[in-house]
Amino acid sequence: MADAADGQERLRRLSELAVLSEQPFVSRVPVLGPLIAGFRTAWNNISTRWYVRPLAHQQSLFNRALLDELAALRAENAALRAELQALIAPLQEWLISQDRDQAELRHDLSETASRLGQLMRQLDRPAQAIGDNASSDSGDDPA
Amino acid sequence: MKRKIAYFSPLPPAHTGIADYSRELLPHLAQLAEITLFSDQHAQLDAAEFCGLAAFPPDAYAARRWDFDIAIYQLGNSAYHRSIGQMALRYGGIVVLHEYGLHQLWASQTVAVGDYVRYAREMAYARGAEGARWAAEAQAGLRDLPHFEEPLNARFADTALGILAHSEYVAERLRGRLPQQRIAVVPAPIALDESPSLRDRLDLPVGACLFGSFGIVSHHKQLEAALRAFAAVRQSSPNCYYLLVGEWDPRDVDLPALVERLGLNGAVRCLGHVPDLREFLGWLAAVDVVINLRHPTVGETSAIALRALAAGRALLVYDEGWYAELPSEACVKLPPLDQAALERAMRDLAANPLGRAELGSRGQRAARERHAPANAAAAYLAFVEQVLAPGGAPK
């Protein structure tokens, strides 16, 4: 959200700079300053104004078009992000639930392995006892 | 027939309180069950110290697991617990949580090596989508790792066949989340200690009161609060000194600068890390008052606090977490971060040698009655039987 707000603010500042406007001539020279500025304005009116004005206008149009395109791309990007998030969120939930299921299965496996181990040892004991008896019997065998 | 138990723990010479804990517990546990050790320190063990118990590296358990009735895993936050944690998650058994929060254990295996994917997975496991978002924000540098907001113990707790804790503080939190899990509280074992004091080495004036803090120094252990209170006490009782035993990370606590700033040069002695346990206990026996503050707490059991009680030292703690469950007559419990209360308690103890001695002997009695290693071993075995009881499956 903060990123979106920052982006809007940057676009607003860019749009303030998009339209080129003519700047009046000024001079800080004491006394003669207004005369100098007037002369420059007059010369500009004769030599460059009519050439530069259409160029500035064309550049302003271009800037505006570029800004509109940028805003459209931003909006599209935001829409895609939202769409992606909408796709990812359930996937993430699913992965989390799979992960938790896996932990539960590991627990159950440990529980089962523990029970199985105990049963195996219980089975081993009589078998071992039989084996012990058999060996002691064979030990007693005079043959 | 004795139960066959696979016992996973860091063991000496590993520099962790849990290694010492196992050293205290194992001789007693070995009288009640057939114990096989699984530890990264398996090749460095002093056989006599561990009653000649067989020892293997943790990953050797996979091939031998059918030989045992159950495995017990000692879990804490230090790097010594990485392989133990992996085996606990893979094969299950009884998990002993020495701290409620295991965030640091996970972070050291993930974030510390740049693996944010595994960190995010763990955060998401514990907290759902919010956890994944927190992990992403931490990776982007927008927030610190939420060590105290999220304990990251869920996967261990869910996978375990049973959980042992050393405090109701930890057990209650676990029961709240896992009402059907087998959970029990066992006393942390500590043997009474009569190590000879090394106080003479400090060359202190006669009648001096020596305060002390022990173990790794971090800002959570509120050493600055303790030293500020000490500086205030020293204004009225100049015959007081402070001993610091334990290493510190200069990026976390600039101890020399702190001592200098508080004008305590000459009154505070910093010994750094003391690797030998006998020497460590000798320094513990040298002090009159052990100051063992911790805030915030992640529900950890303090081996230092237990050793202070066992050594008959007067003990000052904050009244929260595991510390709140220490017997009130055995130590002084202060409201967390209450500087005036800390200063008052230190001043009272500095002025009252008899009171210090009485508090110490009450603490030693409590250690003997509640934390005897034989009692802890019996409680372990009772829990093993509970977990292995037929039809005792809680889930």
Q. Among the candidates B:ARG368, B:ARG347, B:ARG362, which residue alone is under 30 Å from B:GLY93 (Cα atoms), more than 14 Å from chain A (Cβ to nearest Cβ) and over 18 Å from the mean Cα position of the chain (by Cα)?
A. B:ARG368
Q.
Name the residue that is nearest to B:ARG347 (Cα to Cα), counting only residues in region B:297-335 that are assigned to a loop (DSSP other than H, G, I, E, B) and small (Gly, Ala, Ser).
A. B:GLY312
Q: Starting from region A:109-138, take each residue that is more than 14 Å from B:GLY93 (Cα to Cα) and more than 10 Å from chain B (Cβ to nearest Cβ) and list its partners that are modelled with pLDDT under 80 and surrounded by 14 or more Cβ atoms within 10 Å (Cβ to Cβ), counting only C-beta distances under 9 angstrom and pairs at least six apart or across chains.
A: none
Q: Mind listing whichever residues of region A:68-85 are among the charged types (D, E, K, R) and over 14 Å from A:SER15 (Cβ atoms)?
A: A:GLU76, A:ARG81, A:GLU83
Q: Would you check which residues across region B:206-244 are touching a Gly at 6+ places or on another chain (Cβ under 7 Å) and among the β-branched types (Val, Ile, Thr) and list them?
A: B:ILE216, B:VAL217
Q. If you go through region B:68-86, how many residues are surrounded by fewer than 21 Cβ atoms within 10 Å (Cβ to Cβ) and either among the aliphatic types (A, V, I, L, M) or within 11 Å of chain A (Cβ to nearest Cβ) (or both)?
A. 1
**Q.** Yes/no for A:ARG100 being under 30 Å from B:GLN180 (Cβ atoms), at pLDDT 95 or above and within 14 Å of another protein chain (Cβ to nearest Cβ)
**A.** yes
Q.
Quick check on region B:116-127. Is at least one of its residues part of a helix (DSSP H, G or I) and either of a type in the set (S, T, N, Q) or modelled with pLDDT under 95 (or both)?
A. no
(Q) With the requirement that a residue be within 30 Å of B:PRO373 (Cα to Cα) and of a type in the set (A, V, I, L, M), what does region B:121-172 give you? (A) B:LEU152, B:ALA154, B:ALA157, B:ALA160, B:LEU161, B:ILE163, B:LEU164, B:ALA165, B:VAL170, B:ALA171
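The values are calculated or read from the model by the stated rules, or taken from the named source; none is laboratory data. All values reported here derive from a predicted model rather than from experimental measurement. We place every Cβ from the backbone using ideal geometry, glycine too, and count neighbours over all the protein chains shown.
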